[in-house]
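The values are calculated or read from the model by the stated rules, or taken from the named source; none is laboratory data. Since the model is a prediction, treat every value here as computed from it, not as a measurement. Cβ sites come from the backbone with ideal geometry, for glycine too, and all protein chains shown count toward neighbours.
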């Protein structure tokens, strides 16, 4: 074993033993992608899979940081340990997190069982880099019970959070037509829980009603637009949380034991409806919170736990893990093959020489690509033989 590998193994052992300094060093190596960081991630991989991971996303100003702070405090009050990764915009000069030094966990200052790390998005789509996913593994292996990822508020690109989180929470500000339009543009598809934060502001009930309607239409595009079923009055005393039909939006009960998201009464004997009753289906919830005061946090936590239970019972938790592994393998292969190709291009004189040849009509882009790829293709074909 080389000296560097021995040092890395010692670092992993200290992390697994619960040493916070080792955890911080491992995440630093992961974020900076220093030599040997992949060996670190490989060693901790077998120790992951215990923590529940929640992604918090939404437009800037929705109160994500305050909500994360209150969520962490709630979990700590329950005796659970918490890891928080806040993905900030990348600095165009250093590549580091622009907002990394801001104080965002005011309720948990000095609490060693809340590990907070601000990380750079590094220009990745949705603000989540491979480093962020690996940092989640480090927190998981360390033994954190709950891991929260707060992402950059960058609109539709936030879909990348799905690849890392078990449950996705989307924050929306009251009375913001732009936010609701943003959801229609694509964010609606990724949300497992929608939070109307700052619910004491004017327009909160209307925003709740709009979200309820959009969720209903997403699950059943043929649904009749009946605002009597989906208005603010149907929100329920529980703030959209519940397993039965007493709360939630319209005829749809917002628990994970619901059938297909709309009333199936009147369809006795319908084989499709009967089949759907047998399997759990999750209908997204809408929760009201006032993060600054902590109001609604208990309901939100309850709903997050319900969604995790649903994932476990339905088998989707395993399926999500499989999808994440598949995407991670593809991402690593794309990244590594890209580096190999860049090196091959430089070995042949650089991309500018190829571009000049294309402009001079001596070749074309397709021929260049074939020429550069040929050694790699031959190598793989030889291995098959």
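Some observations on this one:
- Flag for residue 48 being outside any loop (DSSP other than H, G, I, E, B) and in contact with a helix residue (DSSP H, G or I) (Cβ under 6 Å, 6 or more places away or on another chain): no
- Residues in the stretch 313-358 that are farther than 29 Å from residue 192 by Cα, at pLDDT 90 or above and in contact with a helix residue (DSSP H, G or I) (Cβ under 8 Å, 6 or more places away or on another chain): 10 in all.
- Per the conditions (1) out of contact with any strand residue (DSSP E or B) (no Cβ under 7 Å at 6 or more places or on another chain); (2) assigned to a helix (DSSP H, G or I); (3) more than 26 Å from residue 318 (Cα to Cα), the sole criterion not satisfied by residue 67 is (1).
- Members of the stretch 357-369 found to be part of a helix (DSSP H, G or I) and surrounded by 12 or more Cβ atoms within 10 Å (Cβ to Cβ), listed by number: 357, 358, 367, 368, 369
- Hey, residue 76 in contact with a helix residue (DSSP H, G or I) (Cβ under 8 Å, 6 or more places away or on another chain), modelled with pLDDT under 90 and either surrounded by 14 or more Cβ atoms within 10 Å (Cβ to Cβ) or outside any loop (DSSP other than H, G, I, E, B) (or both) or not: no
- Which numbered condition residue 349 misses (of (1) over 30 Å from residue 164 (Cβ atoms); (2) in a helix (DSSP H, G or I)): (2)
- The sole residue among 12, 68, 41 that is touching a helix residue (DSSP H, G or I) at 6+ places or on another chain (Cβ under 9 Å), under 23 Å from residue 150 (Cβ atoms) and at pLDDT 90 or above is 41.
- Residue ID - surrounded by the most Cβ atoms within 10 Å (Cβ to Cβ), chosen from residues in the stretch 17-49 that are farther than 15 Å from residue 134 by Cα and in contact (Cβ under 8 Å) with a residue 60 or more places away in the chain: 20
- Cross-chain or 6+ apart pairs with Cβ under 8 Å, the stretch 107-126 first and modelled with pLDDT under 65, then exposed (fewer than 15 other Cβ atoms within 10 Å of the Cβ) and not in a strand (DSSP E or B): 122/95
Let's see how each residue does on (1) within 30 Å of residue 208 (Cα to Cα); (2) in contact with a strand residue (DSSP E or B) (Cβ under 8 Å, 6 or more places away or on another chain); (3) surrounded by 13 or more Cβ atoms within 10 Å (Cβ to Cβ):
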| residue | (1), (2), (3) |
| --- | --- |
| 280 | yes, no, yes |
| 286 | yes, yes, yes |
| 292 | yes, no, yes |
| 296 | yes, yes, yes |
| 300 | yes, yes, yes |
| 313 | yes, no, yes |
| 321 | no, no, yes |
| 326 | no, no, no |
| 355 | no, no, no |
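- Within the stretch 1-31, the set of residues being within 21 Å of the chain's Cα centre (by Cα) and over 29 Å from residue 318 (Cβ atoms) comprises just one member, 28.
- If you go through the stretch 44-62 and pick out every residue that is at pLDDT below 90 and under 18 Å from the mean Cα position of the chain (by Cα), you end up with 5.
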